[in-house]
Every structure is written in structure tokens, then in C-alpha cells.
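The values are calculated or read from the model by the stated rules, or taken from the named source; none is laboratory data. Computed from a prediction, not measured in an experiment: that's the story for all the values here. A quick note on method: Cβ atoms are made from the backbone with ideal geometry, for glycine too, and the neighbour counts reach across all protein chains shown. Surface areas here come from the heavy atoms of the whole protein model, side chains and all, with no ligands, DNA or RNA. Shrake-Rupley method; radii C 1.70, N 1.55, O 1.52, S 1.80 Å.
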Amino acid sequence: HKAGYVMLWAPGHPRAGKGQYVFEHILVMERLLGRHLYPDESVHHRNGVRDDNRPENLELWTRPQPTGIRAADAVAWAREIIARYGENIFTSNNAQDFD
């Protein structure tokens, strides 16, 4: 990819574009999680090197709610995040557990 990311051919993948390619770091994270990423999730390269897709270099990120939301909406969002991830939150610190 022109921005330095590695792309792999993955026809039929939910995030595949017209050419049926998906960023490798997304595919690596999905393999580690055993599922596709949710629309509000992204994968961060800890060292900033966009083609370093080793599991220990990747972190699962989720987009937070915007500032200025109602407290009830923030609590509902927090409950959704806790239900989704619980105590088994994937970070690069426990990437070796998924190998």
C-alpha cells in the first residue's frame, strides 16, 4: 500500500475493497481474536512501523464515544465494552497467549 501497509488478497472479507485486498494487520488481529473486527475497532502498530505485523506489535483499539454525550449514553457504551471484552482484553502484552 502506498502508505506503507502490507495488503493481502482476501476476497469476500467484510473489509475488502474493490480489489478484494485487506490490510495484513487486520487479518493478523482477527486471527488472534478468532473473529472479524467490529466496525468501531482498529489495529494500532505499537512501534509505528506499518509493515511490522507481528502479534506482539499490534494492539486492538476501539473508538471512544465522543465528548459531550449524556452520562446515560456513556454508561451504556461502557457496559457494551465490558460485555464485549470482559476480563479477556487483548493487548500486545498477552499476544503470545494467542499463538
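Summary of computed values
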read-out	value
Hey, residue 57 closer than 22 Å to residue 3 by Cα and surrounded by fewer than 14 Cβ atoms within 10 Å (Cβ to Cβ) or not	no
All positions within segment 13-26 that are open to solvent by less than 70 Å² (accessible area, probe 1.4 Å) and more than 20 Å from residue 85 (Cβ to Cβ)	13, 16, 17, 19, 20, 22, 23, 24
So residue 84, is it basic (Lys, Arg) and open to solvent by 100 Å² or more (accessible area, probe 1.4 Å)	no
Segment 57-88 - residue that is polar (S, T, N, Q) and in a loop (DSSP other than H, G, I, E, B) and, of those, nearest to residue 28 (Cα to Cα)	88
Residue pairs meeting the criteria (Cβ under 6 Å; at least 6 apart or on separate chains; first under 24 Å from residue 86 (Cα atoms), in segment 39-67; second open to solvent by less than 60 Å² (accessible area, probe 1.4 Å) and among the β-branched types (Val, Ile, Thr))	40/62; 41/62; 43/26; 58/43; 59/91
Extreme residue, modelled with the highest pLDDT, among residues of segment 27-54 that are surrounded by fewer than 18 Cβ atoms within 10 Å (Cβ to Cβ) and assigned to a strand (DSSP E or B)	44
